[in-house]
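Contents: one structure, followed by commentary.
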Amino acid sequence: MADFDCDICIVGSGAGAGPIIYELSRAGYKVVVLEKGPWLKTADFTKDEMTATRRDAYTPNLEEERHIVVKKSSSGNWTEKNTADGGSDLWNGSCVGGSSNFMSAYFHRMKPNDFQLYSKYGPIDGANIVDWPIKYDDLEPYYAKVEKVIGVSGKVVDHKHQEPRSTPDYPHPPLTTNIVADWFVEGGKKEGWNIVPAARGIISEPKDDRRACYHSNYCGSYGCSSDAKASSRAALINKALKTGNCDIRPLSKVYHIATNGQNEIVKAHYYDADDNKQSVTAKIFVVACQAVETSRLLLMSKNEEFPNGLANNSGQVGKNLLFAGGGAGSGYIRFDSLSEEDRNKFDVPLTFVNQALIDFYEIDDPEFGGKAKGGTIDFLIEHSNPMPKVFRSKYKNGTLLYGSDLKENLQDYFTKQKRVRYEVFCDWLPNDDCHVSLDENVTDKWGDPVGKVKLGYHEQNLKVGNFLADKGMTVLKNIGAIKVTKSITGNPPTNLMAGGCRFGDDPKNSVLNANCQAHEVNNLYVTDGSFMPTGGSVPYTFTIYANAFRVADHLIERLGKEA
Amino acid sequence: MKSKTVKKSIPNRYLDLEQWQTDRRKFLRGALLAGAMTQIGFFTSCSTKLKEGNDLLTAEQATILNDVLNIFFPNDGNGPDAEDINAFGYVMWVLHDTLNRKIEDNAYILVGLNWADETAQEIYFSPFVELSQEQKEALVGKFTELDWGKNWSSMIITLILEALVLDPIYGGNKNEAGWNWLNHTPGFPRPTEENRYERIMEKQMKLVK
Ligand SMILES: Cc1cc2nc3c(=O)[nH]c(=O)nc-3n(C[C@H](O)[C@H](O)[C@H](O)COP(=O)(O)OP(=O)(O)OC[C@H]3O[C@@H](n4cnc5c(N)ncnc54)[C@H](O)[C@@H]3O)c2cc1C
Ligand code: SF4
């Protein structure tokens, strides 16, 4: 130890970092965490829409730190845009715990076939599909561990794509839901579809120092005031701190990771709270800055040994970036279409629905030439925060409203109906037009090159997305919703990202090995979603957590052997 | 006196939020220039009652803003009006917020007030503040159709809507009038002086450690 500042240095403190921080500090290893954002505590979080979404105070000021996004315009040309000029924003949460503080925490496991997409469904032209180097069975014990350690609530109800489980049910009972959850189930039955409870990374009963969810109805995009949401901060880091082995350094932005000429990292360089340059030495380094920033940091860490960026002699870093494929749609349930009793049950401030249709996780349809990978449909009620609702009331038939017309429309939107929604998740197929590189001209406030993110998508995303959205629309219509729509586009949901440093057995076309250790750098691991070569047809965080617990076991074994 | 017409350049983010590449700097220069000119551009007769000016707005600009807010969100017997939600006070808070808000956006609010006055001059040959209530309503209605006015009006309406439903701590939604009218239950905990947006943003920007 004397030669090192710590055993393990972790860059980032979000979902990919939390399990490493927790497990390694509990195993007695000295852990230093370098997190670029501030250390916001539970008491700092409120349900203030100004802070969370109007002024985005949980993410960096875009004038200071931005991205360049490259997208195909409607005329078919690739066009660059600086995110400081509006449009996409690729930051999701910059503080201790990262974006896991602000997630909605829909927690679906990946299914066994997701680990072998290539073998099970074959190649698709223009998509870089590969099998994972591990199987579902390798990850299953860690999904179970996540459910227990960080707390997942739900109820297992069998359906045709139910993945095998080592435990019969979730450790915490399902959260209370709005009556519309039952209507959704009935709406599915009309078509012979089995709509089942969806699990959440939210505890429905107290656990350790964390209180149960109090249904604040301001969940996604907001920090949790009861610590019920399984953020890396509330569920893992706070416990790790109790061991005395964990040193969290907020406002510490890592800008270069240096190696010794022998495939080993010696130091992580960072700017501290006063923007002074500092460094940390460690036996092992784990990078978990979220997909885009992880690739950017590796690409920035160039030296003679790695002229193209750390662990990038293969040229694979930043490639095959993933987002969640699919889209969403909605409709309105008018109160005057309901009986008084139903209206009284429905029109309450309780927005949880937690029901999903997973029957189409595999599609068997001639349109797709037989069996093809499908996806998940989650059912929801519109979020409670009022700004999106007032925006929807601003226009009628494309005309900007003002005066009494505007007021009537607002009143109608808020008091005579509720908007119900569905979200579709399908595989975002990895492709050559979706990747991270460094911009050659634009820098952040420290003078470091910003990440340039090309956002190309595969047409199959839209085909599968539309297939699933049609099912979602049918269910909405079956429960009496009107003005039912779908929106399936190639625009990625920038809060759900993975890939860029995919793992695999072949060092020529992957960055990491099966343990998420860099093929080219002996003491470098990447544990955020970057490791995923494909992401399944679900949001990624449950899998990111599970995989990071798996890597933590490997690290403890490795450090034990080296001691 | 007729103020000199300035080119009404609309920041692209208000033209089409999804549109690529905005030339922000050029706009800012134009906006600041326009702002400087209007300080000398107004002339009003003594009979017109003006709202008090402040550190950012001349009395004329303040009056135009107040009138526009009340026309966009009027007292029509249905719920609160712009006064009831203190939309003017809220816009002043916004104009003072430069922490994580683009100065161009604030300049755009001001430059629009000047354009409003110019348009009054072009159509009625009179400064905005001297128009009758009917003329003001007709003119503001017209803004929503004009090239420059469409985007500016949309932004002002967004500010009114923010004043209607955001937390009263930022000056709007006085006595929770907006929430009460819309039957909206806010989320808890609500922001306090210790954790309102500016305090969190200062931490995010390393201004407070
Ligand atoms: C509104 C919202 C809703 C969501 N809902 C869901 C959901 O329902 N289900 C789901 O599965 N997922 C959801 N997510 C996604 C989920 O939050 C992410 O998948 C998860 O947090 C990713 O973990 P991560 O470790 O990759 O990144 P993060 O949790 O974001 O952590 C990365 C951390 O690294 C830090 N960092 C970056 N660069 C540096 C650097 N150079 N030096 C030091 N630190 C650095 C960042 O500040 C950040 O704190 C949602 C996200 C958002 C924003
Ligand atoms: S209390 Fe419940 S609903 Fe509110 S943020 Fe926490 S987990 Fe989400």
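Laid out as a table, the results:
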| read-out | value |
| --- | --- |
| Elements of type helices (runs of 4 or more DSSP H) in the range B:1-101, at least 1 residues being at pLDDT below 90 | B:12-15, B:24-41 |
| Selection status of A:Phe352, within 20 Å of the chain's Cα centre (by Cα) and over 30 Å from A:Lys71 (Cβ atoms) | yes |
| Residue check, A:Leu357 farther than 30 Å from A:Trp78 by Cα, surrounded by 19 or more Cβ atoms within 10 Å (Cβ to Cβ) and without any contact (Cβ under 8 Å) to a residue 40 or more places away in the chain | no |
| Residues within the range A:321-342 that are open to solvent by 30 Å² or more (accessible area, probe 1.4 Å) and in contact with a Ser or Thr (Cβ under 9 Å, 6 or more places away or on another chain), tallied | 0 |
| All positions within the range A:391-423 that are of a type in the set (Phe, Trp, Tyr) and closer than 16 Å to B:Thr144 by Cα | A:Tyr395, A:Tyr402 |
| Qualifying residue in the range A:5-14 (condition: within 14 Å of chain B (Cβ to nearest Cβ) and more than 16 Å from ligand 2 (Cβ to nearest atom)) | no |
| One residue from A:Tyr270, A:Tyr218, A:Tyr222 being over 30 Å from A:Asn178 (Cβ atoms) and crowded, with 20+ Cβ neighbours inside 10 Å | A:Tyr270 |
| Condition check for A:Arg165: closer than 22 Å to A:Tyr142 by Cα and within 16 Å of ligand 1 (Cβ to nearest atom) | no |
| Search result, residues across the range A:172-188 that are open to solvent by 40 Å² or more (accessible area, probe 1.4 Å) and either among the hydroxyl-bearing types (Ser, Thr, Tyr) or touching a strand residue (DSSP E or B) at 6+ places or on another chain (Cβ under 8 Å) (or both) | A:Pro173, A:Pro174, A:Thr176, A:Thr177 |
| Residue tally, condition touching a residue at least 12 places away in the same chain (Cβ under 8 Å) and open to solvent by 10 Å² or more (accessible area, probe 1.4 Å), over the range B:81-96 | 9 |
| Single match in A:Ser232, A:Ser226, A:Ser216 (criterion: within 14 Å of chain B (Cβ to nearest Cβ), closer than 30 Å to B:Asn195 by Cα, in contact with a helix residue (DSSP H, G or I) (Cβ under 9 Å, 6 or more places away or on another chain) and within 16 Å of ligand 2 (Cβ to nearest atom)) | A:Ser226 |
| A:Asn92 being within 14 Å of chain B (Cβ to nearest Cβ), within 30 Å of A:Pro171 (Cβ to Cβ), within 9 Å of ligand 1 (Cβ to nearest atom) and open to solvent by less than 20 Å² (accessible area, probe 1.4 Å) | no |
| Test: residue in the range A:333-344 that is in contact with a Gly (Cβ under 7 Å, 6 or more places away or on another chain) and under 30 Å from A:Leu429 (Cα atoms) | no |
| Inter-residue pairs, beta-carbon under 7 Å, first under 15 Å from A:Lys160 (Cα atoms) and more than 14 Å from every other protein chain (Cβ to nearest Cβ) and in the range A:193-206, second among the aromatic types (Phe, Trp, Tyr) and more than 10 Å from ligand 1 (Cβ to nearest atom), 6+ apart | A:Ile195/A:Phe184 |
| Leading residue by the ranking (nearest to A:Gly97 (Cα to Cα)) among those in the range A:542-563 that are open to solvent by less than 10 Å² (accessible area, probe 1.4 Å) and among the small types (Gly, Ala, Ser) | A:Ala548 |
| Residue list for the range B:173-209, restricted to those being within 7 Å of chain A (Cβ to nearest Cβ), under 18 Å from A:Phe45 (Cβ atoms) and part of a helix (DSSP H, G or I) | B:Tyr197, B:Ile200, B:Met201, B:Lys203, B:Gln204 |
| Within the range A:463-513, considering residues that are within 28 Å of A:Gly369 (Cβ to Cβ) and of a type in the set (Val, Ile, Thr), the one farthest from ligand 1 (Cβ to nearest atom) | A:Thr474 |
| Members of the range A:287-320 found to be under 18 Å from A:His67 (Cβ atoms) and either over 24 Å from the mean Cα position of the chain (by Cα) or open to solvent by 20 Å² or more (accessible area, probe 1.4 Å) (or both), listed by number | A:Cys289, A:Gln290, A:Glu293, A:Met300, A:Gly309, A:Lys319 |
| Criterion (within 16 Å of ligand 2 (Cβ to nearest atom) and either modelled with pLDDT under 95 or crowded, with 21+ Cβ neighbours inside 10 Å (or both)) met by exactly one of A:Pro533, A:Pro539, A:Pro492 | A:Pro539 |
| Pair list, Cβ under 6 Å, 6 or more apart: the range A:42-64 residue open to solvent by less than 10 Å² (accessible area, probe 1.4 Å), other residue assigned to a helix (DSSP H, G or I) and of a type in the set (Val, Ile, Thr) | A:Thr51/B:Ile200; A:Ala57/A:Thr51; A:Ala57/B:Ile200 |
| So B:Glu134, is it open to solvent by 20 Å² or more (accessible area, probe 1.4 Å) and either over 25 Å from B:Asp105 (Cα atoms) or not in a helix (DSSP H, G or I) (or both) | yes |
| Residue under evaluation A:Ser279, criteria (1) free of Cβ contacts under 8 Å to residues at least 24 places away in the same chain; (2) of a type in the set (Gly, Ala, Ser); (3) more than 16 Å from ligand 1 (Cβ to nearest atom), criterion not met | (3) |
| Sole residue being away from ligand 2 (no atom under 16 Å from the Cβ), farther than 29 Å from A:Gly500 by Cα and of a type in the set (S, T, N, Q), chosen from A:Ser119, A:Ser166 | A:Ser166 |
| Candidates A:Asn77, A:Asn92 - the one that is over 25 Å from A:His383 (Cα atoms) and of a type in the set (S, T, N, Q) | A:Asn77 |
| Residue within the range A:403-422 that is part of a helix (DSSP H, G or I), surrounded by fewer than 19 Cβ atoms within 10 Å (Cβ to Cβ) and touching an Asp or Glu at 6+ places or on another chain (Cβ under 8 Å) present | yes |
| Condition met for A:Thr59 (outside any loop (DSSP other than H, G, I, E, B), touching a Phe, Trp or Tyr at 6+ places or on another chain (Cβ under 6 Å) and away from ligand 2 (no atom under 16 Å from the Cβ)) | no |
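Matching residues to (1) near ligand 1 (Cβ under 8 Å from one of its atoms); (2) more than 16 Å from A:Glu140 (Cα to Cα); (3) within 14 Å of chain B (Cβ to nearest Cβ); (4) touching a Phe, Trp or Tyr at 6+ places or on another chain (Cβ under 8 Å):
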{"site": "A:Tyr525", "(1), (2), (3), (4)": "no, yes, no, yes"}
{"site": "A:Ser530", "(1), (2), (3), (4)": "yes, yes, no, no"}
{"site": "A:Gly535", "(1), (2), (3), (4)": "no, no, no, yes"}
{"site": "A:Thr541", "(1), (2), (3), (4)": "yes, no, no, yes"}
{"site": "A:Ala546", "(1), (2), (3), (4)": "no, no, no, yes"}
{"site": "A:Phe549", "(1), (2), (3), (4)": "no, no, no, yes"}
{"site": "A:Ile556", "(1), (2), (3), (4)": "no, yes, no, yes"}
{"site": "A:Leu559", "(1), (2), (3), (4)": "no, yes, no, yes"}
{"site": "A:Glu562", "(1), (2), (3), (4)": "no, yes, no, no"}
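The values are calculated or read from the model by the stated rules, or taken from the named source; none is laboratory data. These figures come from a predicted structure and were not determined experimentally. Here the Cβ is made from the backbone with ideal geometry for all residues, glycine too, and neighbour counts use every protein chain on show. Calculation scope for accessible area: heavy atoms of the full protein, side chains included, ligands and nucleic acids excluded. Shrake-Rupley method; radii C 1.70, N 1.55, O 1.52, S 1.80 Å.
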